[in-house]
Amino acid sequence: MKPMKILFLCTGNSARSQMAEAFLRKYGEGRFEPFSAGLEARGIHPLTLQVMQERGLGLEGQYSKDVRTYMGKVNFGYLITVCDQADRYCPAAFPGVSHRLHWSFEDPAAAQGSPEEILAVFRRVRDQIEQRVQSWAAHTDPSGYEGPTIRQSLST
């Protein structure tokens, strides 16, 4: 059985969607193939890297991508928006998506305050995403899923 491809989408692909991708890779136990993208690519936020390292998850191989990298090129079992802006501005008709979900998380990259306060926001959002992804992966059964096909080559 091929793993089900999942796309996590947020505004800049700098924090929330990157975290969700890494956590699904961990908790999906090979049943899912996670991807992430943003409405625009802004680069991975340094605090994203830091808080994920605290959980023992490096983001090796992950990089910030624009949603156009995948749109109409890859079939996904699920598109999961992880911020309100991505949910609002993602095209309603997203070619190659079987199911669409919305999980609203605060944008840690927009946090203000002291360095310690901003880091606390990144940790809180990380923990919320981890819990949500872990629960979703435990309750989502991709069996019987035929697997997506790549419609054309992805450019990197």
Contact order relative to length of the chain, as percent, for alpha carbon pairs under 8 angstrom and 6 or more apart: 32
- prompt: How far, in degrees from 0 to 90, does helix 115-139 lean away from the longest principal axis of the Cα atoms of the chain, to the nearest 10?
  reply: 30
- prompt: Once every DSSP H run of n ≥ 4 in the chain is given -39500 (n - 2.57) and the sum is divided by its residues, what mean residue ellipticity at 222 nm do you get, rounded to the nearest 500 deg cm²/dmol?
  reply: -10500 deg cm²/dmol
task: Provide the FRET efficiency to the nearest 0.05 for the Q53-Q134 pair, computing r from the beta carbons and using R0 = 22 Å.
output: 0.75
field: Two-site FRET efficiency, A110 against E29, from Cβ-Cβ distance with R₀ of 30 Å, rounded to 0.05
entry: 0.35
- prompt: Where does the Debye-calculated log10 I(q)/I(0) of the chain sit at q = 0.13, 0.20 Å⁻¹, using only Cα point scatterers of equal weight, no solvent?
  reply: -0.55, -1.31
- line: From fewest to most C-beta neighbours within 10 Å, the residues H99, H139 line up as H139, H99
statement: Fewest to most Cβ atoms within 10 Å: K65, K2, K73 sort as K2, K73, K65
- prompt: For the Cα atoms of the chain, what angle does the longest principal axis make with the long axis of helix 16-27, in degrees from 0 to 90, nearest 10?
  reply: 70
message: Neighbour counts of other C-beta atoms within 10 Å: give me Y27, Y70 arranged from fewest to most.
response: Y27, Y70
task: Set the Förster radius R0 to 22 Å, insert the Cβ-Cβ distance between A93 and E40 as r into 1/(1 + (r/R0)^6), and round the FRET efficiency to 0.05.
output: 0.65
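Laboratory data are not the source of any read-out in this text; all were calculated from the coordinates shown. Keep in mind the model is a prediction, meaning the values are calculated, not measured. Quick reminder, even Gly has a Cβ in these numbers, built from the backbone with ideal geometry, and neighbours come from all protein chains shown.
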